[in-house]
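Engineer: The structure's right below; bear with me while I get my questions together.
The values are calculated or read from the model by the stated rules, or taken from the named source; none is laboratory data. None of the values given here were measured: they were computed from a predicted structure. Positions of Cβ are backbone-derived with ideal geometry, glycine not excepted, and every protein chain shown enters the neighbour counts. We work out accessible area using only protein heavy atoms, side chains counted, and drop any ligands, DNA or RNA first. Shrake-Rupley method; radii C 1.70, N 1.55, O 1.52, S 1.80 Å.
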Amino acid sequence: MDAPTNSPHYDVVIVGAGFAGLYMLHRLRGAGFKTHVFERASDVGGTWYWNRYPGARCDVESMQYAYSFSPELEQEWEWTERYATQPEILRYVNHVAGRFDLRRDIQFNTRVAAAIFDETDSRWMIETSDGGRTSANYCVIATGCLSTINTPNFEGLESFAGSLYHTGEWPHHEIDFSDQQVGIIGTGSSAIQSIPLIAEQAKHLYVFQRTPHYTVPAWNQPLQTDPKTQHSGRKAYGYDEDLTMEEIKADYLGLRQRARKTFAALAFTPNPRSALEMTETERQQEFENRWKRGGLPFQGVFRDFAVSREANELAAEFVRQKIQHIVKDSVVAEALLPTYTIGCKRLAVDTGYYETYNRPNVTLVNVSKSPIERITPAGVYALGREYPLNSLIMATGFDAMTGTLLKINIQGRGGLRLHEKWAEGPRAYLGLCLAGFPNLFTITGPGSPSVLTNMLLSIEQHVDWIVDCLEYLRDRNIAEIEPTLEAENEWVTHNNEVASDHIRNSCSSWYVGGNIEGKPRVFMPYVGGFPNYVEKCRNIAATGYKGFVLRGVGS
Ligand code: NA7
């Protein structure tokens, strides 16, 4: 692809204006790089722009799911709930975009169709959906991990005469399900968050469940400061320190430092004891305590939760007992019991999910043994009958981590296409750079801890590493950086080794591409832990970018 001579040229082009793209732009600007961002949506926010379904919230507490790069921003922003809703997160992203004047370098409503490396001039030629051509010395892909929706190919789907929705591309206007018969396919995190709210509205809600999911309560609560006392008195971060919002703000740095030392970059302290060295009474006490705290740190109930099948099964059984206790109809309760290793699929965090099945207007349709046969104009046909519906919701997830990258026609050295390179699954050095694709960076790409961690801290770590790298190259007049195939292979091998026996690799989930037909089974995120990963990245940079080939201008 040749760029017209008058097409714009930048030091860096960023694809995506979610949390990653925005911070990347901010840092690059500050470092003096001429930068331009393309974003397919009409505004900032990435996944939080699209996922507007009822009940959409982050499963990480708001005080932790926030940028750490600006102490002023940390202090001035007031989260109103322990777990922020999608609208509140979007308000935060908008606040950040305004505060740092980011919009002027973002081109909205523009999808990147192709990015092709021009070896002669060591630059990326970018083609956008509006036919625009742009070039840049570096291209940073910040398209997020959950940004291409998955809609299973149900027979007859196009014939459905009612309203069809997908949780991952929810309309911008409010949907009123009152007086409607509603169907929802899927019982992952998006469904678990939306089902309780839709059930409150709908005349009847049918939940089509293929695999029951583990979920633990959020115990969400308001955080707003009382104007009289200037104190919220609420636990914004209650896992093991019971801190209020004000206490966190007084030592935000401390919270971040504690978070960065943990496997998942989340500040909470896992139980240091093994399940197997505790008595039954101690175990039950610990379970109950963790359940009362709620959220993802339930997984810290024992030190060996993720490594010992026996310890894991004890935790799984505790959650199953909770389900049986909450859900009154024993047949429904039985159908809701997950059997896979707890924590293998991402644990969901809910508000009133299991309780919803006690409502008379909610029916669980168990399609685990006999799949949905087809979609008809009137509804869903399953288990030998038709379920008539006014609205059908696909809560069927995403082509995670690689889907969006593979939709862009990315071609590296010698015309090598990304989908050829990744035909048997994603391969990348540190989940940051790809052999054969010089000057291309991915933020929280496959091969990095990304979705197994607090995304905000992982994004910041990647962005900071990339900016340091680009400054290093600029200072030395280096035109190209590219990982060697050997370094990339070593990283992929290491990644596979740590994942091979990990509990997260023991079921079919979107982490391994198991939710997409024909997708190669590869454990995509790096499961070696955040601190370990950061150390590796730091060492590689400190040794003059070991594992990379650096080529000077004209060489
Ligand atoms: P998930 O977690 O991928 O859940 C998708 C759900 O859709 C899951 O229950 C699937 O069942 C179900 N599904 C997918 N295809 C079908 C078909 N063909 N028939 C019936 N059911 C189907 O996506 P979410 O959007 O809920 O959550 C994604 C992430 O976002 C989540 O992990 C958080 O990080 C936030 P399955 O389990 O495959 O049997």
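Engineer: What full-extension length gain, to one decimal in nm, is calculated for residue 111 and residue 471 as 0.36 nm per residue of separation minus the Cα-Cα distance? Walk me through the intermediate numbers first.
Structural biologist: Numbers: separation 360, 0.36 × 360 = 129.60 nm, distance 2.79 nm.
Between residue 111 and residue 471, full extension yields an extra 126.8 nm.
Engineer: Let me ask something else about it. Kindly state, to the nearest 0.05, the FRET efficiency for residue 543 paired with residue 269, given R0 = 30 Å and r defined as their beta-carbon distance. Provide the component values of the computation, followed by the final result.
Structural biologist: Numbers: r = 33 Å, r/R0 = 1.10.
With R0 = 30 Å, the Cβ-Cβ based efficiency is 0.35.
Engineer: Can you give me the relative contact order of the stretch 290-342 as a percent, contacts being Cα pairs under 8 Å and 6 or more apart?
Structural biologist: For the stretch 290-342, the relative contact order is 27 percent.
Engineer: Order 313, 61, 81 by their accessible area, 1.4 angstrom probe, all chains in place, largest first.
Structural biologist: Accessible-area ranking of 313, 61, 81, largest first: 313, 81, 61.
Engineer: Projected area of the stretch 270-313, taken from the Cα convex hull and averaged over every viewing direction, in nm²?
Structural biologist: Working: hull surface 10.9 nm².
Mean shadow area of the hull around the Cα atoms is 2.7 nm².
Engineer: List the cysteines in the chain whose Cβ has no other cysteine Cβ under 4.7 Å from it.
Structural biologist: 58, 139, 145, 433, 469, 537
Engineer: Hey, another quick one. By how many degrees, between 0 and 90 and to the nearest 10, does the Cα long axis of helix 485-500 differ from the longest principal axis of the chain?
Structural biologist: 10
Engineer: Further question: Roughly how many nanometres apart are two label points built 7 Å out from the Cα toward the Cβ at residue 413 and residue 76?
Structural biologist: 4.5
Engineer: For the stretch 115-214, what log10 I(q)/I(0) values come out of the Debye formula at q = 0.21, 0.22 1/Å, with one point per alpha carbon and no solvent?
Structural biologist: Cα-only, vacuum Debye calculation for the stretch 115-214: -1.18, -1.27.
Engineer: Compute the distribution of all C-alpha to C-alpha distances in the stretch 481-555, in bins of 5 Å from 0, and list the percent of pairs in each, rounded to whole numbers.
Structural biologist: Per 5 Å bin, starting at zero, the Cα-Cα P(r) for the stretch 481-555 comes out as 3, 14, 18, 20, 16, 12, 9, 5, 2, 1 percent.
Engineer: Note the angle between two axes, namely the Cα long axis of helix 309-326 and the longest principal axis of the Cα atoms of the chain, as a number of degrees from 0 to 90, rounded to the nearest 10.
Structural biologist: Value to nearest ten degrees: 50.
Engineer: In addition: Where does each of 278, 455 land when they are ordered by accessible area, with a 1.4 Å probe and the largest first? Write out the running numbers ahead of the final one.
Structural biologist: Numbers: 278 15, 455 40 Å².
Order by accessible area, largest first: 455, 278.
Engineer: Follow-up. On a 22 Å Cα-Cα criterion, which of the cross-link pairs 292/369; 345/369; 292/322 come out too long?
Structural biologist: In this structure, 292/369 exceed 22 Å between Cα atoms.
Engineer: Given the convex hull over the Cα atoms of the chain, what projected area results after averaging over all orientations, in nm²? Walk me through the numbers before you get to the answer.
Structural biologist: Working: hull surface 105.2 nm².
Result: 26.3 nm².
Engineer: Also, quick follow-up: Among the DSSP beta bridges whose two residues both lie in the chain, what percent are antiparallel, rounded to the nearest 5?
Structural biologist: Values: 31 of 70 bridges.
Once the DSSP bridges in the chain are tallied, antiparallel ones form about 45 percent.
Engineer: Another question about this same structure. Can you work out the FRET efficiency for the pair residue 43 and residue 158, with r the C-beta to C-beta distance and R0 = 35 Å, to the nearest 0.05?
Structural biologist: Numbers: r = 30 Å, r/R0 = 0.85.
Once the sixth-power term is evaluated, E becomes 0.75.
Engineer: How much accessible area per residue does the chain have, in Å², with a 1.4 Å probe? Before the final figure, lay out each step's value.
Structural biologist: On the way: 22340 Å² over 555 residues.
On a per-residue basis, the chain sits at 40 Å².
Engineer: Counting only C-alpha contacts under 8 Å and six or more residues apart, can you give the relative contact order of the stretch 22-107 as a whole percent? List each step's numbers first, then the result.
Structural biologist: On the way: 68 pairs, mean separation 35.4, N = 86.
Computed over the stretch 22-107, the figure is 41 percent.
Engineer: Measure off 7 Å from each Cα along the Cα-to-Cβ vector at residue 498 and residue 34, then give the distance between these two points in nanometres to one decimal.
Structural biologist: 3.9
Engineer: Carbon and sulfur: what percent of the chain's accessible surface (1.4 Å probe)?
Structural biologist: Values: 10910 of 22340 Å².
Solvent-exposed carbon and sulfur of the chain make up 49 percent of the total.
Engineer: Residue 191: net charge of surrounding residues, Cβ under 14 Å, Lys/Arg +1, Asp/Glu -1, itself excluded? Write out the running numbers ahead of the final one.
Structural biologist: On the way: positive: 57, 210, 345, 346; negative: 59, 350.
Here the count lands on +2.
Engineer: Please find the FRET efficiency linking residue 133 to residue 69, where r is the Cβ-Cβ separation and R0 is fixed at 45 Å, and quote it to the nearest 0.05.
Structural biologist: On the way: r = 33 Å, r/R0 = 0.72.
Efficiency, rounded to the nearest 0.05: 0.85.
Engineer: What does the net charge come to around residue 377 if you take all other residues with beta carbon closer than 13 Å to its beta carbon, with K and R at +1 and D and E at -1?
Structural biologist: Details: positive: 374; negative: 155, 158, 386.
Around residue 377, the surrounding residues sum to -2.
Engineer: So what's the gap between the Cα centers of the stretch 64-89 and the stretch 109-137, to the nearest angstrom?
Structural biologist: Here the answer is 34 Å between Cα centres.
Engineer: Please report Rg over Rh for the stretch 387-520, where both radii come from the alpha carbon positions and Rh follows the Kirkwood definition.
Structural biologist: On the way: Rg = 17.3 Å, Rh = 16.7 Å.
Expressed as Rg/Rh, it is 1.03.
Engineer: Related question: Which order do peptides 457-463, 100-106 fall in by mean Cβ count within 10 Å, highest first?
Structural biologist: Values: 457-463: 25.1, 100-106: 15.6.
In decreasing order of mean packing, 457-463, 100-106 become 457-463, 100-106.
Engineer: Hey, how much of the P(r) for the stretch 284-350 falls beyond 20 Å, as a percent of Cα pairs? List each step's numbers first, then the result.
Structural biologist: Working: 552 of 2211 pairs.
Cα-Cα pairs in the stretch 284-350 separated by more than 20 Å: 25 percent.
Engineer: 7 Å from Cα along Cα→Cβ at both residue 280 and residue 551: what's the point-to-point distance in nm?
Structural biologist: That separation, rounded to one decimal, is 6.8 nm.
Engineer: Full-extension gain between residue 219 and residue 9, please, as 0.36 nm times their residue separation minus the C-alpha to C-alpha distance.
Structural biologist: Answer, rounded to one decimal: 70.6 nm.
Engineer: When the chain is fully extended, how far beyond the present Cα-Cα distance does residue 361 get from residue 231, taking 0.36 nm per residue of separation?
Structural biologist: Gain on extension, residue 361 to residue 231, equals 42.7 nm.
Engineer: Using only the Cα atoms of the stretch 169-217, build the gyration tensor, take square roots of its eigenvalues as a ≥ b ≥ c, and label the shape rounded, prolate or oblate: rounded if a/c is under 1.5, else prolate if a/b is larger than b/c, else oblate. Walk me through the intermediate numbers first.
Structural biologist: Values: a/c = 1.89, a/b = 1.51, b/c = 1.25.
Prolate, since a/c reaches 1.5 and a/b exceeds b/c.
Engineer: Sticking with this one: Kindly provide the trypsin sites (Lys or Arg not before Pro) of the stretch 323-362 that DSSP labels as loop, not H, G, I, E or B, and whose Cβ sees at most 13 other Cβ atoms within 10 Å. Could the numbers behind the result be given before it?
Structural biologist: Values: sites: 328, 345, 346; in loops: 328, 345, 346.
Qualifying residues, ordered by number: 328.
Engineer: Could you work out the helix-only [θ] at 222 nm for the chain, with each DSSP H run of four or more residues adding -39,500 (n - 2.57) and the total divided by the number of residues, to the nearest 500 deg cm²/dmol? Walk me through the numbers before you get to the answer.
Structural biologist: Numbers: 16 runs with 165 residues, N = 555.
Taken over the chain, the calculation gives -9000 deg cm²/dmol.
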